[in-house]
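These notes are about the structure you will find just below.
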Amino acid sequence: MATDRDSVLLAAVGILSRQPTAAMDDIARAAGISRATLHRLFPGRDALVREAAGLALRRISAALDAAAIEDGDPVQAVRRLADAAVPHAAEAAFLTGESRLFDDSEIWASWERMDARVAELFLRGQQSGAFRVELPAAWLSEAFFDLLAGVGWAVQEGRLAPRASTTALTELFLGGALRRDQQP
């Protein structure tokens, strides 16, 4: 029976987002495979982590594409972004927790492209008068991704119900990002 690499990588993301120093045995167990199979798929921990990061970045980038954040009302775009990104919150938590990934220029460049797209959304929202201008657009992007990672951790630890996570992210984020005269 063939082992699905993406399933193994997602299992690794799940455990590494909660336990960044998890042993290869723990990762193999989480993926439901033997350590030998894990080593056949990935020559070492660094290769596994790098491929997991690549998969996480591709999946989150695809969520940005699906949310069409460049289109329409910026506030509605943030809501679409939250809807599309929350299923990948554990991946965001993994990327946030694995800071050594950003020493890799290819991973850093992928992250920067995503971050720039989201920052542009917030800049557009500031220019339209929807978002607070005293908070830099780049920081709003960072805050959004950090809250997304927080959702990932909270859901994994049972502190937030998955069905409530999109609302929690959206309402908390927009509660701080919207201009005061735009608050409901």
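The values are calculated or read from the model by the stated rules, or taken from the named source; none is laboratory data. Only a predicted model underlies this, so the values are computations on that prediction, with no experimental measurement involved. Methodologically, a virtual Cβ is constructed for each residue, glycine included, from the backbone with ideal geometry; neighbour enumeration extends over all protein chains shown.
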message = Condition first: of a type in the set (G, A, S) and touching a His at 6+ places or on another chain (Cβ under 8 Å). Can you find one or more residues in segment 35-58 that meet it?
response = yes
request  = Please specify each residue of segment 101-127 satisfying the condition of being touching an Asp or Glu at 6+ places or on another chain (Cβ under 8 Å) and free of Cβ contacts under 8 Å to residues at least 40 places away in the same chain.
outcome  = D115
message = Only one of A28, A36, A47, A67 is farther than 25 Å from D146 by Cβ and in contact with a Lys or Arg (Cβ under 6 Å, 6 or more places away or on another chain). Can you tell me which?
response = A28
request  = Could you list all residues from segment 61-80 that are within 12 Å of T167 (Cα to Cα) and aliphatic (A, V, I, L, M)?
outcome  = V78
request  = Output the residues belonging to segment 19-30 that are out of contact with any Leu (no Cβ under 7 Å at 6 or more places or on another chain) and under 20 Å from G54 (Cβ atoms).
outcome  = P20, A30
ask   = Are any residues in segment 125-144 over 17 Å from the mean Cα position of the chain (by Cα) and under 20 Å from L169 (Cα atoms), and if so, which ones?
value = G125, Q126, A130, F131, R132, L135, P136, A137
message = Being modelled with pLDDT of 95 or more and buried (at least 21 other Cβ atoms within 10 Å of the Cβ) is the requirement here; does A82 meet it?
response = yes
ask   = Of all residues in segment 149-176, which are out of contact with any Leu (no Cβ under 7 Å at 6 or more places or on another chain) and surrounded by 18 or more Cβ atoms within 10 Å (Cβ to Cβ)?
value = A149, G150, G152, W153, V155, L160, S165, T166, T170, L174
inquiry  = Looking at segment 128-142, can you tell me whether even one residue there is touching a Ser or Thr at 6+ places or on another chain (Cβ under 9 Å), touching a residue at least 24 places away in the same chain (Cβ under 8 Å) and buried (at least 20 other Cβ atoms within 10 Å of the Cβ)?
reply    = no
remark   = Scanning segment 99-124 for residues that are more than 15 Å from the chain's Cα centre (by Cα) and of a type in the set (S, T, N, Q) gives S105
request  = Out of the residues in segment 92-121 that are acidic (D, E) and loosely packed, with under 15 Cβ neighbours inside 10 Å, state the one that is nearest to W139 (Cα to Cα).
outcome  = E112
